[in-house]
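Shown next, in C-alpha cells, is the structure this report addresses.
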Amino acid sequence: MLYPRDSESRQVKVLDGMWNFLLDTSPSRDQSFANQWWKRPLAEWGSLIPMAVPSSYNDITSEKSVRDFVGWAWYETTFYVPAAWKELVVSLRFGSAHYNTVVWVNGEQVMTHEGGHLPFEASINSAVNWEGAANRLTVAINNTLTPTTLPPGSIKWMTGPKYPAGYFQQNLQMDFFNYAGIHRHVHLYTRPTTYVDDINIVTDFQGTQGTVNYEVMLAGTNASGVGVKVSVLDAGGKVVSSGAGTSGQLIIPDVNLWWPYTETTGTPAYMYTLEVTAGDDVYRQPFGVRTVKVAPGQLMINNKPFYCHGVAKHEDADIRGKGLDYPLIARDFNMLKWLGANCFRTSHYPYAEEIMDQADQQGIVIIDESPGVGIRPNNMGEANVAHHKAVMEELVRRDKNRPSTVIWSVANEPSSDAPGAEDYFREVINHTRSVDPAKRPVTFVSSRDYNTDRAVQYVDVICVNRYFGWYSDTGHSELVELQLGWDLEMWRKTFPTKPIIITEYGAGTIPGLHMEPAVAFTEDYQVELMAEYHKTFDKYRGQFLTGEMVWNFADFMTDQSAKRVVGNKKGVLTRQRQPKEAAHLLRDRYYSIINATTTT
Ligand code: E9O
C-alpha cells in the first residue's frame with residue numbers, strides 16, 4: 001500500500017491531535033456495540049478522556065483501569081472536507097491501530113481491519129458531508145489477543161473463591177507490553193478518480209549501469225484508459241532515465257548504488273525517485289538500486305558479503321508506549337550510529353513507515369519482522385496460516401520497494417519443534433517469497449536447537465536467539481565460548497550452506513548496579529557476558545556467521561511478572577536512550593569492525 005504522499009494531484013491532511021476517548025468498561029465489554037456508540041457523539045455515553053493521537057492510550061492517564069484495559073476502546077474526532085474534493089477519491093488511512101479496528105464516518109461504517117501494525121485505508125466519499133458541516137469520525141479498537149490473532153494470546157477466566165465473579169486476565173505469549181490505541185498517523189487524502197494504486201520496483205546492476213524493472217498498478221474509473229509515464233530522478237531531482245507504459249525496464253547509466261552507511265564503497269544510502277504520471281495523477285516513489293542475495297554462508301548486498309552488526313529493537317518509550325514520535329525516531333537513529341550499528345531487526349512486528357524511511361535514507365539494513373511472535377502448537381491451525389499469510393502480504397505490499405529491507409522474518413521464537421510447525425512454516429515462508437516481487441531472502445527466528453527445529457530447513461538465512469550464561473547456566477559467563485561455539489558448529493554441520501545470524505543474546509541489567517566479581521543484573525555482568533559472546537563471534541565472523549544483534553537496543557516495557565523489574569532490562573541503553581556500560585563495549589566493537597573493513 002502506497003504511503004500518502006503530497007503531490008500536485010494529491011492533497012494530504014493529517015488528523016493527529018487530541019481526540020475524544022472512552023473505554024467500554026461494561027462487564028461484557030460489548031455495551032458500546034449493543035448501544036451503537038458510533039451513531040451519536042461519544043460524549044453521550046460517558047465522560048470523555050482527552051487522548052493523544054498517535055499514541056498508545058495505556059500510559060497517558062494515571063488510571064490502572066486504563067493502563068491494563070482489555071476490550072473496546074473508542075476514539076472520536078471531527079474534520080471538514082473542501083467542496084472541491086467531491087470530484088476526487090477521498091481516503092482515510094490509518095498507519096496502524098492495535099488490534100481490531102472498526103471505523104465510522106458520520107455513523108456509517110467505512111472499514112474494518114484486523115492486525116495491529118500495518119496500514120489500512122478506505123475511500124469515504126459516500127459517507128462524508130459535502131455541505132460544509134463537520135464530519136464525525138468514530139473509531140473502535142479492541143486489543144484482545146486470542147489464539148487466532150497475530151500475535152496470538154488468550155483470555156484466562158479466573159474462577160473460584162479467590163477471584164470476583166467474571167474476572168479475567170489477558171494472557172500474552174510475548175515478552176512486551178500489549179500497548180494499544182491509534183499508534184500512527186491518521187491521514188485524510190485525495191487522489192484523482194483514476195490513480196496510481198501500487199508500484200513494484202525491482203533493481204539490478206551490471207557494471208556501472210543500473211536497471212529498474214517497474215510495474216504500475218492503476219485503479220479507479222478509467223484505469224485501462226490512461227497513459228503512464230515514468231521517470232527516474234536522482235538525489236538532486238534530475239531526470240536520469242524515463243519511459244512509458246504500465247511496466248518496463250529503465251536504465252540508469254553511472255548508477256549510484258544504495259549501500260549501508262558503514263560501507264566505504266560508493267555513496268551510502270543513495271536514494272532515487274520513480275516519478276509516475278498516470279492521467280491526472282502524479283506519485284513519487286523513493287527507491288534505491290541494490291541487490292540482495294544469499295550465497296553459501298554469506299548474505300550479499302551488491303554482490304559483496306555483508307556482516308550485520310546491530311541490534312534488535314522495540315517501538316517502546318515512556319508515556320507514548322508504541323505511539324509514533326519523531327524526536328524518538330531521530331534519537332534512535334542517532335544512537336544506532338553512535339553505536340556503529342549497521343542493521344536492526346524490527347522485533348517483533350512491523351515498525352512505522354516513518355521509521356523505515358529513516359532506515360532507507362540513513363543506510364541501515366533491516367530484517368523486517370511480522371507480528372508472528374509466540375506462535376505455539378495451538379496457533380498453527382488453518383485459520384492461523386490463512387491470517388499469517390494475509391499479514392505477510394500486507395507487510396510485503398507496504399515495504400517491498402525499500403532498499404533497507406533485505407530479509408523478511410515471518411516469526412519470532414515459535415514452537416518450531418512442534419510437529420505442526422513443518423507444514424505451517426513451509427506454507428508461510430513460501431507464500432512470503434512468492435508475493436515479494438524482489439524475492440528477498442525469508443527467515444524466521446528460532447530459539448530451538450539444530451536437531452529439534454522442524455522449520456529452519458525452509459529459511460534462506462538461519463536466525464537464532466541464544467541465552468547461554470543467562471537463561472541457562474545463569475552467571476556462568478565462562479561457559480559461553482564453549483557452548484556458543486559448539487552450537488554454531490552444529491548448525492553449520494546440519495545446514496552447511498545457510499548463513500547464520502545470532503539475532504538475540506544479552507543479559508538483564510539494572511543501570512547503576514555494580515559488583516565485582518560480577519553477578520547477574522549488574523552492569524558488570526552484562527559487559528562480561530557480552531564480551532564472551534564477542535570472542536566466539538570473532539572466530540566465525542565472515543565465515544558462515546553473517547551477523548550479530550544484541551538483545552536489546554533499549555530497555556522496554558513488559559507485562560508484570562516476578563521475572564521483570566519494571567519491564568525487560570536487557571537494553572544496552574536505558575528506556576530513555578542513555579548508555580549503560582555495555583553500550584560502550586558494543587560501540588568499541590562495532591567501530592573496530594567498521595575500521596577493519598575499511599582498511600582491508
Ligand atoms: C524474545 C524476546 O522478546 N527472546 C527472549 C527475550 C527475553 O529477554 C524476549 O524479550 O526474554 C528470550 C527467549 C529465551 C529463550 C529461553 C531459552 C531457555 C533455555 C533454558
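The values are calculated or read from the model by the stated rules, or taken from the named source; none is laboratory data. Here the structure is a predicted model, which is why all the values come from computation and not from measurement. Cβ sites come from the backbone with ideal geometry, for glycine too, and all protein chains shown count toward neighbours. Side chains included, ligands, DNA and RNA excluded: accessible areas come from the protein's heavy atoms. Shrake-Rupley method; radii C 1.70, N 1.55, O 1.52, S 1.80 Å.
Okay, residues lined up against (1) open to solvent by less than 10 Å² (accessible area, probe 1.4 Å); (2) within 16 Å of the ligand (Cβ to nearest atom):
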position	(1), (2)
448	no, yes
451	no, yes
458	no, no
461	yes, no
469	yes, yes
473	no, yes
479	no, yes
489	no, no
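Scanning the stretch 50-94 for residues that are open to solvent by less than 50 Å² (accessible area, probe 1.4 Å) and without any contact (Cβ under 8 Å) to a residue 60 or more places away in the chain yields 61, 66. One residue alone among 580, 569, 563 is open to solvent by less than 20 Å² (accessible area, probe 1.4 Å), at negative phi, within 16 Å of the ligand (Cβ to nearest atom) and charged (D, E, K, R), and that residue is 580. Would you mind stating whether residue 556 is among the aromatic types (Phe, Trp, Tyr), in contact with a strand residue (DSSP E or B) (Cβ under 6 Å, 6 or more places away or on another chain) and within 30 Å of residue 56 (Cβ to Cβ)? Criteria met by residue 556.
Figure legend. Inter-residue proximity from the stretch 493-505: first residues over 15 Å from residue 572 (Cβ atoms), second residues within 16 Å of the ligand (Cβ to nearest atom) and open to solvent by 40 Å² or more (accessible area, probe 1.4 Å), beta-carbon distance below 6 Å, spacing 6+ or different chains. Indicated pairs: 494/450. Would you call residue 341 in contact with a helix residue (DSSP H, G or I) (Cβ under 9 Å, 6 or more places away or on another chain), assigned to a loop (DSSP other than H, G, I, E, B), away from the ligand (no atom under 16 Å from the Cβ) and open to solvent by less than 30 Å² (accessible area, probe 1.4 Å)? In short, yes. The residues of the stretch 145-161 that are outside any strand (DSSP E or B) and either within 16 Å of the ligand (Cβ to nearest atom) or open to solvent by 30 Å² or more (accessible area, probe 1.4 Å) (or both), listed by number, are 145, 146, 147, 148, 150, 151, 152, 159, 160, 161.
The residues in the stretch 1-29 that are surrounded by 13 or more Cβ atoms within 10 Å (Cβ to Cβ) and either farther than 30 Å from residue 199 by Cα or among the polar types (S, T, N, Q) (or both) can be counted, and the count is 12.
Every residue, every condition in (1) part of a strand (DSSP E or B); (2) more than 30 Å from residue 560 (Cβ to Cβ); (3) at pLDDT 95 or above, yes or no:
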{"site": "163", "(1), (2), (3)": "no, no, yes"}
{"site": "175", "(1), (2), (3)": "no, no, yes"}
{"site": "190", "(1), (2), (3)": "yes, yes, yes"}
{"site": "198", "(1), (2), (3)": "yes, yes, yes"}
{"site": "218", "(1), (2), (3)": "yes, yes, yes"}
{"site": "223", "(1), (2), (3)": "no, yes, no"}
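When the stretch 491-510 is limited to residues that are of a type in the set (D, E, K, R) and away from the ligand (no atom under 16 Å from the Cβ), the one that is nearest to the chain's Cα centre (by Cα) turns out to be 498. Among the residues of the stretch 249-279, those identified as modelled with pLDDT of 95 or more, open to solvent by less than 30 Å² (accessible area, probe 1.4 Å) and either more than 21 Å from residue 307 (Cβ to Cβ) or not in a strand (DSSP E or B) (or both) are 250, 252, 255, 257, 258, 260, 262, 269, 272, 274, 276, 278. Please find, among 425, 444, the residue that is in contact with a helix residue (DSSP H, G or I) (Cβ under 8 Å, 6 or more places away or on another chain), surrounded by 22 or more Cβ atoms within 10 Å (Cβ to Cβ) and not in a helix (DSSP H, G or I). Answer to the selection: 444.
How many residues, within the stretch 543-555, are in a strand (DSSP E or B) and either away from the ligand (no atom under 14 Å from the Cβ) or surrounded by fewer than 22 Cβ atoms within 10 Å (Cβ to Cβ) (or both)? Residues meeting the conditions: 4. Among the residues of the stretch 126-135, those that are surrounded by fewer than 21 Cβ atoms within 10 Å (Cβ to Cβ) and not acidic (Asp, Glu) comprise 126, 127, 129, 130, 132, 133, 134, 135.
Could you please let me know if residue 536 is without any contact (Cβ under 8 Å) to a residue 24 or more places away in the chain, open to solvent by less than 10 Å² (accessible area, probe 1.4 Å) and more than 13 Å from the ligand (Cβ to nearest atom)? Judged against the criteria, residue 536 is not a match. Somewhere in the stretch 30-44, is a residue modelled with pLDDT of 95 or more and either among the basic types (Lys, Arg) or closer than 30 Å to residue 199 by Cα (or both)? There is at least one residue in the stretch 30-44 that is modelled with pLDDT of 95 or more and either among the basic types (Lys, Arg) or closer than 30 Å to residue 199 by Cα (or both).
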